[in-house]
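The values are calculated or read from the model by the stated rules, or taken from the named source; none is laboratory data. None of the values given here were measured: they were computed from a predicted structure. Neighbour counts run over all protein chains shown; Cβ positions are idealised from the backbone, glycine included. The accessibility values were calculated without ligands, DNA or RNA, using every heavy atom of the protein model including side chains. Shrake-Rupley method; radii C 1.70, N 1.55, O 1.52, S 1.80 Å.
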Amino acid sequence: MTDPTPVTRDRTPLVLGIVAAVLAVAVVIALVMLLTRGNGDSEPASQNPGGSSPTSAEAPDPAESPSAPPAPSESDAPVAAGIALAATGLALTDDAGSSTFTYDWNGDMAGAVSTLSEAFGSAPKERVEKGNGSSYPDYTVYQWPGIALYDMKPLEGGPSRDDYSQPSYLRLTANDVDGVPVTAEFGVKIGMPVADVKALDPGVEVDRGGNPRFVFAPDRSGFTDGKPAYSVVVDTDGEKVTAILYYYYSGR
């Protein structure tokens with residue numbers, strides 16, 4: 001007689017097989033994704049090691065570009081080998097003695113101050129020297145150590161700078177200014193003994209405050225070709241030269 005009780009089959013091996021298959025598929029998918037991501041990351045890195053965008057990598061650095069101008073430096077500034085003084089003005093000269101800049105006594109004072117400041121390596125101190133309010137105007141003084149330029153301030157109702165006999169003048173108290181030699185005419189120099197000045201045969205010798213003052217070329221003060229021309233006035237302390245002026249000499 002057959003037993004009517006149904007026989008129950010063990011399904012554990014089937015379940016385990018399904019689970020194993022699912023896990024195997026998951027592992028394969030994970031490996032494929034990992035390999036795919038690794039390949040995608042490695043290509044840009046090899047093309048662009050710096051990590052920047054292709055545009056920034058290809059653009060040259062302005063600092064390295066051959067067309068970028070070099071930064072200005074003090075060595076680029078023109079250097080004056082010397083300054084020569086003359087009847088109608090002054091001139092900056094190079095090593096060969098050629099003029100690189102000239103200033104006439106009635107010329108552009110702003111340009112002269114700018115050029116001299118560059119040559120001396122510093123800007124001047126400024127002050128005003130008062131005139132007498134009638135025949136003698138005030139002067140703006142541009143002072144460097146050893147040299148000063150005086151620029152007139154025209155009087156109201158008086159002559160203009162172009163018409164005045166002494167629109168500007170110069171006073172020298174050193175033979176060089178910040179290493180730039182300044183040369184006056186007739187061989188006169190700051191510190192020269194009075195006896196040596198006399199030996200140069202100045203045109204005039206007068207007493208000024210108990211000390212001799214010498215004037216070279218006293219007759220040339222006036223106008224030459226429409227430009228003011230000055231004499232060379234030499235002040236002393238009784239023993240040596242203390243100042244040289246390019247100044248309009250009126251005979252007094």
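Structure values in brief
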item	result
Segment 217-229, residues that are in a strand (DSSP E or B) and basic (K, R)	K227
Hits in segment 224-237 - residues which are at pLDDT 95 or above and of a type outside the set (D, E)	P228, A229, Y230, S231, V232, V233, V234, T236
Candidates D94, D108 - the one that is surrounded by fewer than 17 Cβ atoms within 10 Å (Cβ to Cβ) and modelled with pLDDT of 95 or more	D108
Qualifying strands (runs of 3 or more DSSP E) (wholly inside segment 121-177; at least 2 residues being touching a residue at least 40 places away in the same chain (Cβ under 8 Å))	147-153, 168-172
Residues that are open to solvent by 60 Å² or more (accessible area, probe 1.4 Å) and touching a residue at least 40 places away in the same chain (Cβ under 8 Å), drawn from segment 226-252	K227, E239, K240, Y247, Y248
Output for segment 179-216, where each listed residue is in a strand (DSSP E or B), open to solvent by 30 Å² or more (accessible area, probe 1.4 Å), over 19 Å from Y103 (Cβ atoms) and not hydrophobic (A, V, I, L, M, F, W, C)	P193, E205, D207, R208, N211, R213
Conditions (1) under 21 Å from the mean Cα position of the chain (by Cα); (2) surrounded by 17 or more Cβ atoms within 10 Å (Cβ to Cβ): number failed by D176	(2)
